[in-house]
Amino acid sequence: MWTYRTYTTGAKDLKSYFRPRIPLNGFWRFRVDPNDIGENNGWHKGFESEHLVYVPSSWNEQNPDWDKYVGIAWYQTKFYIGVEHIGKIPWTVFKGCGYYAKIWVNGLFLGDHEGSFIEFRLNALKAVTFGKMNTLVVKIDNKLAMNRIPPGKSVNETAFDFYPYGGIHRDVYVELTNKNYIKDLRVSTDYRGLLKTELTVECCTTLAECELLIKLYDKFFEKEYYACRKNVVGGVIVVEDRLQNIKPWSPEDPQLYNLEVNLICGNEVVDSVFERIGFRSIEVRNNEILLNGKPVFLKGFGRHEDFPVTGKYLPGSVLVRDFYLMKKIGANSFRTSHYPYSEEHLDLADELGFLVILESPFCLSGVGNLIPKQEIDKWCLDPEVRSKAKKMVEEMIYQYKNRPSVIMYSVANEAPIGYENCRSLVRELSEFVKSLNPQTLVTFASHRLDIGDLSNVVDVISLNVYFGWYTEGGDLDKAIARLEKELEVVHQRYPGKPIIITEFGADAITGLHSDPPVMWSEEYQGEFIRRYIEVLIKKPFIKGVHVWNFADFRTPESPLRVILNRKGVVTRDRQPKASYWILQKLFAER
Ligand code: ADA
């Protein structure tokens with residue numbers, strides 16, 4: 001039975017054609033508040049501002065004045081709920097904003113949320129006025145701090161190598177439910193037709209009056225495959241069956257079904273939600289990653305949600321292009337480096353058949369540049385840091401638990417596991433994931449090739465390797481020799497574990513060419529990737545290769561970055577570099 005432990009108590013945001021929604025994307029009033037005077041001046045009740053900003057998008061690149069602004073800013077919009085909805089619960093739904101958000105409706109505080117990449121919804125019944133305009137005010141605090149996940153100190157002093165965009169990065173809307181509603185839906189399947197549905201229902205009337213009607217349809221709600229009625233007897237209802245006539249989900253054939261759940265009270269449908277599901281199994285056995293019982297090899301990328309002007313918001317059209325460019329290159333997989341991506345992103349992964357490593361925002365690549373070495377172990381022991389890291393992992397799993405594309409969770413990127421307290425934190429997070437969701441694989445991306453006894457708490461070993469870039473720069477022969485040697489050592493250390501290379505790559509400035517290949521040229525990047533993959537695909541214990549990165553992306557300013565991290569095989573505006581075609585050939589061979 002799925003038990004929500006500590007943090008995730010709110011209702012999950014479920015897909016529904018039944019629940020009325022009021023979209024709030026568009027132009028919002030906007031005001032920066034560098035001295036945090038807004039609340040004392042009543043801005044939460046509504047504020048004046050000649051500035052506008054578009055939602056969803058980060059604020060930074062929408063106005064050069066806000067480009068490097070990491071601080072507090074205010075958003076305001078209006079919405080109307082007709083009197084025909086009196087008696088319903090209005091929820092304000094935020095799919096991703098941050099870093100820390102506080103929400104008011106008509107001046108009444110509804111709640112807050114920490115973390116930019118996870119949805120949250122707040123009951124607004126006590127605040128809204130039906131039949132009149134309502135004012136929604138959002139205070140976003142995007143300051144960097146060492147007790148935030150991921151941590152940082154200022155716009156160019158971050159523990160992570162991506163731009164600290166601020167704002168309302170993803171969709172916002174108001175959704176209306178009846179007082180009796182479906183709070184959560186968890187689905188477990190396997191490729192042989194197992195269908196286990198766990199439902200949490202919030203009911204205000206006597207439960208006996210209510211029942212659930214669970215139906216399984218094809219992707220287009222045209223063909224019905226299964227139906228089952230179940231009385232609502234207490235908060236959580238479990239229904240388990242095995243279906244004969246289903247097709248498994250896989251990258252080659254991403255078969256999706258719609259699981260619809262109707263809550264019927266007194267013969268009236270009072271709520272109806274659905275989830276797109278796939279029947280698939282994922283496991284590690286005998287050093288293999290098995291999808292539906294067959295070995296699978298992950299070919300793909302570390303990605304980012306990053307685009308010019310929109311910042312941390314990837315418009316649907318850009319997502320579509322990305323997925324077609326990934327399909328065209330022969331990829332079947334990506335890691336949501338270094339934070340959970342949007343629902344649309346995962347919708348396309350489910351629909352087009354990509355194997356996803358879903359990563360929490362616990363990214364610590366540059367933590368050693370922010371605090372003295374002797375402080376790092378103490379930082380990892382900080383109870384606030386530990387509980388926030390755990391909360392973000394739990395929220396991530398809670399939100400994305402029914403996705404067929406999500407085969408693995410990564411609890412951290414480049415945590416300083418050389419320090420005991422940091423290692424125990426990664427151990428705790430990995431065990432926590434397993435306790436929450438034993439079916440899905442767990443890993444963490446390590447820049448250390450020796451992960452010590454953490455190999456006991458992960459299913460797959462994930463390594464980030466840059467021989468030939470940060471070391472052995474310009475000397476690929478030396479780099480590849482070292483890669484060969486080091487990987488054999490890793491395999492001897494963990495003979496029973498599949499290994500995937502979650503990062504390897506080289507920066508290339510588009511249009512910079514050189515013969516012979518030298519660093520920063522397109523040729524060097526192409527050569528780097530070609531020689532790495534030629535070695536990796538010959539190693540029987542290597543079960544996946546993710547090139548860093550799919551596309552160039554914006555980073556904090558640093559002498560190592562030409563405005564962007566340019567390790568993309570496509571540019572930031574999604575045009576191929578020479579390495580794109582080289583990789584296409586290589587992926588075709590595996
Ligand atoms: C690290 C890190 C990435 C990126 C990469 C690079 O491994 O995980 O976020 O910074 O290196 O390009 O150096």
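Observations
- Segment E375..D477, full-extension length gain: 33.0 nm, with 0.36 nm per residue of separation and the alpha-carbon distance subtracted.
- Between region 573-590 and region 393-452, the alpha-carbon center distance in angstrom: 30
- Heavy-atom surface of region 85-126, accessible at 1.4 Å and reported per residue (Å²): 29
- Simple Cβ-charge dipole of region 191-277, Lys/Arg +1 and Asp/Glu -1, about Cα centre, in debye nearest 20: 320
- Computed lengthening from V239 to N35, 0.36 nm per intervening residue step minus Cα-Cα distance: 68.1 nm
- Remark: the K538-H513 segment gains 6.1 nm on full extension, using 0.36 nm per residue and subtracting the alpha carbon distance.
- Where region 292-588 is the region considered: accessible area per residue in Å², 1.4 Å probe: 32
- Packing around the peptides 174-187, 550-563, 236-249, taken as the average count of other Cβ atoms within 10 Å per residue, puts them in this order, highest first: 174-187, 550-563, 236-249.
- In this simple spin-label model, placing a label point 7 Å from the Cα along the Cα-to-Cβ direction at both R531 and D218 gives a separation of 5.2 nm.
- Rounded to the nearest 20 debye, the dipole magnitude of the chain is 660 debye, with +1 charges on Lys and Arg beta carbons, -1 on Asp and Glu beta carbons, and the Cα centre as origin.
- For the chain, share of DSSP beta bridges that run antiparallel, in % to the nearest 5: 75
- Modelled spin labels at V83 and K15, positioned 7 Å past Cα toward Cβ, are 3.7 nm from each other.
- The residues of region 191-277 expose on average 48 square angstrom of accessible surface per residue, using a 1.4 Å probe on protein heavy atoms.
- Neighbourhood charge, 15 Å Cβ-Cβ cut-off, centred on R493 and excluding it, Lys, Arg +1 and Asp, Glu -1: 0
- Dipole axis of region 353-423 (+1 Lys, Arg; -1 Asp, Glu on Cβ), positive-most option in A412, V385, I397: I397
- The portion of the accessible surface of the chain made up by carbon and sulfur, rounded to a whole percent, is 52 (1.4 Å probe; DNA, RNA and ligands excluded).
- Given +1 at the Cβ of Lys and Arg, -1 at the Cβ of Asp and Glu and no other charges, the dipole of region 184-338 around its Cα centre is 880 debye to the nearest 20.
- Straight-distance crosslink candidates among lysines, where the alpha carbon sits under 24 Å from K132 and sequence neighbours closer than 8 are dropped: K45, K78, K88, K102, K179
- Computed helical MRE - 222 nm, the chain, DSSP H runs ≥ 4 contributing -39500 (n - 2.57), nearest 500: -6000 deg cm²/dmol
The values are calculated or read from the model by the stated rules, or taken from the named source; none is laboratory data. From a predicted model like this one, the values you see are computed outputs, not experimental measurements. Because the Cβ atoms are built from the backbone with ideal geometry, glycine has one as well, and the counts that use them run over all protein chains shown. Accessible surface is based on the protein model in full, side chains and every heavy atom, while ligands, DNA and RNA are left aside. Shrake-Rupley method; radii C 1.70, N 1.55, O 1.52, S 1.80 Å.
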